[in-house]
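**Q** Okay, here's the structure, questions in a sec.
The values are calculated or read from the model by the stated rules, or taken from the named source; none is laboratory data. Note that this is a predicted model, so its numbers are computed, not measured. Counting neighbours? That spans all protein chains shown, and the Cβs are built from the backbone with ideal geometry, glycine included.
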Amino acid sequence: MRTEPSELLLIHAAELATCAPEGVPPGPRRGTDLGRVGIIPDGAIACAHGRIVDIGPTREVLSREPRGCPEIIDASGKTVLPGFVDAHTHLVFAGTRHEEHIMRIQGAKYLDILSAGGGIISTVEATRKASFEDLQATATKRLDTVLLHGTTTLEAKSGYGLDLTSELKQLEVLRAASCKHPVEVVSTLLAAHAVPPEFEGDVEGYLDFIIREVLPAVASRRLAEFCDVFCEEGVFSTQQAERLLLAAQRLGLRSKLHADEINPIGGAELAASLGAVSADHLAAASRTGMDRLAEAGVVAVLLPATMFTLMSDRYADARGMIDRGVAVALATDFNPGTSPVPSMQFVLTLACLEMKMTPAEAVSAATVNAAWAIGRGDRAGSLSPGRPADFIVVDVPALDALPFQIGVNCVTDVVKGGRVVVKDGRRVGSAPSGDRAF
Ligand code: NIG
Ligand code: FE
C-alpha cells in the first residue's frame, strides 16, 4: 500500500492497453512485437504529480491505494490506451484547397498541380499573408480538435512560409500555441517543402539560402528539433536533400524525410544512410530501401490518409516492412492539400482496411512507435509506472473494435500529464477555443 492517495484514479477499463507489455524490450517495436499491446482486462491506472504511480488489474491497484483519491474515472465497458502520438502534421497554415481536391476528382495529378504553381504554393501565398494572431488562433483550434480525437503529442512542421520571416512565423506560432495547450508539440523545420516563386528554376540557390539564413536562425532560436525535406521527383532530389540535411545535422537538427511518397527515388536509402530519425510516406519505397531502414533503425512513418485523399491505389507496404523488421509508425499528415484529416482514429481504420495491419499493430504504430519517430519514446506512447499519465478512454468494449467505428469520434475522456482535459467528449480544464476547427 502506498502512503499517499493518488490524485486521479481510473478503474474498471474493460481493456487497458499499456503498449508496454512484459518481455518486450524498450525501443521501437518491430516484427511480431508490434502486435503486442499488453492488454490488462478490468484495468486501472493511478496517477500523481502528472505521472503514473500504479497500473494493473483494478482489484490489485485498489488494494494498494490509500483512501482519499479526489477524482475517479469509471471506465466500465470502455477501453483505455496511451494518448495518440501524431508523428507527422503540417498544423500551421491559412486558407483551404478545396478547388484542388475538385481538380483531382476530375483527374489532375498532385505533382502537376504543384509544378503549375498550385498545391503547396497556394497555401504558401495564404500563409505568408496571414497574421501571427490569426495563425495562432487556427492552430489552437486545431490542437483542440486533435485533443478531442485523442492525440496528446504531435509533431508539426513549417513549410508554408518558404522565406525567412514566414518560416520563423510558423515555428513561433507553434511555440506560442503549444505553450498554452495540453497537446505537446514537437517542431520540425520544412523550409525545403517546395521551391518558392522567388527562386523558380534555381533549386540550388534556394537550398543555399536555407542553409545560409534559415537554418542558423532556427537553430539559434531553438525553434525546431528536426529538419525535414520533400524528397521527390521534380521537388528536391536525393543529392539536394542530403546536402540540406547534413548542414542541418551540423547545427543539431536531426533528420526526417518525406521519402518515396509518389516515386521511388531512393529516399528510404538516403534516410538510412543519414541516420534519420524517421522516413515518412514510403508508399513507393523499394524493397532495398525497406531493408536499409530496418538495418539503420529508422522509423517508417506511414501516412495512409494521404493516399486516401490522393485517391491512390498504392498504399505503403506496411506488411512487407513489418516482415522485414522495420519499425512502423502511423500519422495523419494533417495538411490542407493531401490530408485534411486530424483524426488518428481514421488513420487506424485505413491502416487496418487498406494496409492490412491488425488493430493491435496499428495502435502500437500510432502510440509507442510514433513517439520514437519524434524523439519522445522515453516519455510518450506507452503506460507504465513513472511515465507521464497521458491516456485516453474510448467508447468501445475491446481495443480490436476501435478501427471499425468509422466516421465517429470514440474518445470520451483524455488525460494529459495526469490532468483530465477532455471529459465526456468536451474540453475541460482550460478555456476551450471552440468545438470545431475547420
Ligand atoms: O506530406 N508531400 C509533401 N507535403 C505534404 C503535402 C503538403 C501539401 O500538399 O500542402 C505531404 O503530403
Ligand atoms: Fe507531410
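**Q** For the range 95-104: of the residues being touching a residue at least 60 places away in the same chain (Cβ under 8 Å) and away from ligand 2 (no atom under 16 Å from the Cβ), which is nearest to residue 338 (Cα to Cα)?
**A** The selected residue is 101.
**Q** Tally the residues that are assigned to a helix (DSSP H, G or I) and more than 13 Å from the chain's Cα centre (by Cα), restricting the search to the range 347-361.
**A** Residues meeting the conditions: 10.
**Q** Check off (1) within 28 Å of residue 422 (Cβ to Cβ); (2) assigned to a helix (DSSP H, G or I) for residue 289 and give me the number that stays unchecked.
**A** It fails just one condition, (1).
**Q** Working only within the range 105-123, note down all residues that are within 11 Å of ligand 1 (Cβ to nearest atom), touching a helix residue (DSSP H, G or I) at 6+ places or on another chain (Cβ under 8 Å) and in contact (Cβ under 8 Å) with a residue 24 or more places away in the chain.
**A** Those that are within 11 Å of ligand 1 (Cβ to nearest atom), touching a helix residue (DSSP H, G or I) at 6+ places or on another chain (Cβ under 8 Å) and in contact (Cβ under 8 Å) with a residue 24 or more places away in the chain: 110, 114, 119, 120, 121, 122.
**Q** Failed condition for residue 241, given (1) touching a Cys at 6+ places or on another chain (Cβ under 6 Å); (2) farther than 19 Å from residue 339 by Cα; (3) not in a helix (DSSP H, G or I), with all others met?
**A** Among (1) touching a Cys at 6+ places or on another chain (Cβ under 6 Å); (2) farther than 19 Å from residue 339 by Cα; (3) not in a helix (DSSP H, G or I), residue 241 violates only (3).
**Q** Of the residues 380, 365, which is part of a helix (DSSP H, G or I) and within 18 Å of the chain's Cα centre (by Cα)?
**A** Only one candidate passes the filter, namely 365.
**Q** When you go through (1) crowded, with 24+ Cβ neighbours inside 10 Å; (2) within 28 Å of residue 244 (Cβ to Cβ) one by one for residue 169, which number turns out not to apply?
**A** Condition (1) is where residue 169 drops out.
**Q** Only residues that are free of Cβ contacts under 8 Å to residues at least 40 places away in the same chain, among the acidic types (Asp, Glu) and touching a Ser or Thr at 6+ places or on another chain (Cβ under 8 Å): list them for the range 37-60, please.
**A** 42
**Q** Further question: Can you find even one residue in the range 161-181 that is away from ligand 2 (no atom under 16 Å from the Cβ) and over 27 Å from residue 210 (Cα atoms)?
**A** yes
**Q** Something else: If residue 224 satisfies all but one of (1) within 16 Å of ligand 1 (Cβ to nearest atom); (2) within 22 Å of residue 371 (Cα to Cα); (3) not hydroxyl-bearing (Ser, Thr, Tyr), what's the number of the condition it fails?
**A** With respect to (1) within 16 Å of ligand 1 (Cβ to nearest atom); (2) within 22 Å of residue 371 (Cα to Cα); (3) not hydroxyl-bearing (Ser, Thr, Tyr), residue 224 is out only on (1).
**Q** Still on this structure: Let me confirm something: among 190, 174, which residue is part of a strand (DSSP E or B), buried (at least 24 other Cβ atoms within 10 Å of the Cβ) and either at pLDDT 95 or above or within 14 Å of ligand 1 (Cβ to nearest atom) (or both)?
**A** That would be 190, the only listed residue that is part of a strand (DSSP E or B), buried (at least 24 other Cβ atoms within 10 Å of the Cβ) and either at pLDDT 95 or above or within 14 Å of ligand 1 (Cβ to nearest atom) (or both).
**Q** Something else now. Restricting the search to the range 314-338, which residues are crowded, with 24+ Cβ neighbours inside 10 Å, closer than 16 Å to residue 259 by Cβ, over 12 Å from the mean Cα position of the chain (by Cα) and within 16 Å of ligand 1 (Cβ to nearest atom)?
**A** Hits for the range 314-338 are 316, 338.
**Q** Let me confirm something: among 188, 165, which residue is within 15 Å of the chain's Cα centre (by Cα) and either over 17 Å from residue 340 (Cβ atoms) or among the basic types (Lys, Arg) (or both)?
**A** Only one candidate qualifies: 188.
**Q** Still on this model: Yes or no: the range 356-377 includes at least one residue that is over 30 Å from residue 243 (Cβ atoms) and within 14 Å of ligand 1 (Cβ to nearest atom).
**A** no
**Q** Residue 52 passes all but one of (1) away from ligand 1 (no atom under 16 Å from the Cβ); (2) more than 23 Å from residue 413 (Cα to Cα); which number fails?
**A** Status for residue 52: all satisfied but (2).
**Q** Another one. May I ask you to list the residues in the range 269-286 that are touching a strand residue (DSSP E or B) at 6+ places or on another chain (Cβ under 6 Å) and either farther than 19 Å from residue 188 by Cα or part of a loop (DSSP other than H, G, I, E, B) (or both)?
**A** 276, 277, 282
**Q** So how many residues does the range 245-264 have that are buried (at least 24 other Cβ atoms within 10 Å of the Cβ), over 18 Å from the mean Cα position of the chain (by Cα) and either closer than 18 Å to residue 90 by Cα or within 15 Å of ligand 1 (Cβ to nearest atom) (or both)?
**A** 1
**Q** Based on what the data block shows, is residue 381 in contact with a Phe, Trp or Tyr (Cβ under 8 Å, 6 or more places away or on another chain) and not aromatic (Phe, Trp, Tyr)?
**A** yes
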